[in-house]
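Encoded as structure tokens, the structure appears first; notes follow it.
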Amino acid sequence: MRAVLIIACLLGFVAGGAQAADFTAKDVTHSLFQAKAGKPIDFSGKNLAGLDLAGLDFKGARLAGVDLLGADLSEGIFKGSDLSGARLDRTTLTRADFSGATLEKATILRPSIYSTFTVADTNWTEAPKFTGAKMAGAKLFGRFDFADFKGADLKGAQFTSRAPRDENTSLAQVGLFSGDFDDANLEGADFTGGRLGFASFTNANVKGAIFNGTDLTRADFSGADVTGADFTGANLDEAKFTGAKGFDTVKGFGQASNTDRVVR
């Protein structure tokens, strides 16, 4: 099934008309193998599009502005790496670990992550980790069900597509089913139209976040600061707001559905 994921990414890669990478996968692997502690390799601004980089430990490499379009990053370790402004569109991210990495203003559009196509059959262990990552202003779109964003800084991040067809696909909603956003900073983040059933936002900063038309069935906002958050058109069936701060200031609650089933 991994071969299917790689083929799908490569098809998108070719369709995007990307230029040849600056290095081969062998070059990157050799450089990382030779990297010494405290002296991370610098690939900033380089084109690594389409490369098979699966399973590599990037050892905190500098990857700011790097182009990874269509690359296979499955089971890659990017802990502490700087990927600010990087392009990770259509990458394969199965079990990739970005814990503590910097992904500010990076784009992760329509990655391939799971070996199945339905949430019911999804193997949650295939989800990538963004625990404690710095992702302010990042743009993510695609299926990220069960992904770990615990403690991440996602201020102003966009989890929505402004133009659903701009990447040559019919996918119209971001998938974050059972996503973990506990203790994360989501101030001003945009989840418009997303699927966030069973997602957890415990003790998160959700000030001014946008959940217009979002499915938040059984989502947990316990202890979260929801001051000024917008729930217009959201499905709040059994959503939990126990101990949530600023609940009296949320917008669009009257226009949300199943508000009578909200737990407070």
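Tabulated values for the structure
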quantity	calculated
Using alpha carbons only: equivalent-ellipsoid semi-axes of segment 27-80, gyration tensor based, whole Å	17, 13, 10
Amide H within-cut-off set for residue 109, under 5 Å, with H built and near neighbours excluded	88, 89, 90, 141
Separation in nanometres of the label points that stand 7 Å from Cα toward Cβ, at residue 120 and residue 263	2.4 nm
Per-q log10 I(q)/I(0), segment 134-264, q = 0.11, 0.12, 0.19, 0.20 Å⁻¹ (Debye; single scatterer per alpha-carbon; no solvent)	-0.32, -0.38, -0.98, -1.10
Whole-number percent relative contact order across the chain, with pairs defined as alpha carbons under 8 Å at least 6 apart	9 percent
Whole-Hz ³J(HN,Hα) from phi, Karplus 6.51 cos²θ - 1.76 cosθ + 1.60, for segment 242-258, glycine and proline x	4, x, 5, 8, x, 4, 6, 10, 5, 9, x, 4, x, 9, 7, 9, 6
Per-peptide average of other Cβ atoms within 10 Å, ordering 237-249, 140-152 highest first	140-152, 237-249
Of every Cα-Cα pair in the chain, the percent that sits beyond 33 Å	20 percent
Charge sum, other residues only, whose C-beta stays under 14 Å from residue 28's C-beta, Lys/Arg counted +1 and Asp/Glu -1	-3
Computed over segment 103-247: relative contact order in percent, which uses C-alpha pairs under 8 Å that are six or more apart	16 percent
Under 12 Å, Cβ to Cβ, from residue 39 - net charge with Lys/Arg +1 and Asp/Glu -1	+2
Cα long-axis angle, helix 25-34 against the chain (0 to 90 degrees, to the nearest 10)	90 degrees
Neighbourhood net charge (9 Å Cβ-Cβ; Lys/Arg +1, Asp/Glu -1) for residue 176	+1
Top of 120, 136, 35 by mean-square fluctuation, Gaussian network on the chain, Cα under 10 Å	120
Kirkwood hydrodynamic radius of segment 60-150, Cα pairs, Å	12.7 Å
Nearest-ten-degree value, helix 2-15 long axis tilted from longest Cα axis of the chain	80 degrees
DSSP bridge orientation in the chain - percent antiparallel, rounded to nearest 5	5 percent
Order by protection proxy (mean Cβ within 10 Å, highest first), peptides 47-57, 224-234, 209-219	209-219, 224-234, 47-57
By average C-beta atoms within 10 angstrom, highest first, the peptides 178-185, 38-45	178-185, 38-45
Cα Rg over Rh - segment 88-138, Kirkwood	1.00
Average Cα contact separation per residue, segment 15-66, under 8 Å, 6 or more apart, as relative contact order %	43 percent
Computed over segment 125-164, the ratio Rg/Rh where both radii use C-alpha atoms and Rh is Kirkwood	0.98
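Laboratory data are not the source of any read-out in this text; all were calculated from the coordinates shown. On a predicted model such as this, the values are computed, not experimentally measured, just so you know. Cβ coordinates were reconstructed from backbone atoms using ideal geometry, including for glycine residues, and neighbour counts include every protein chain displayed.
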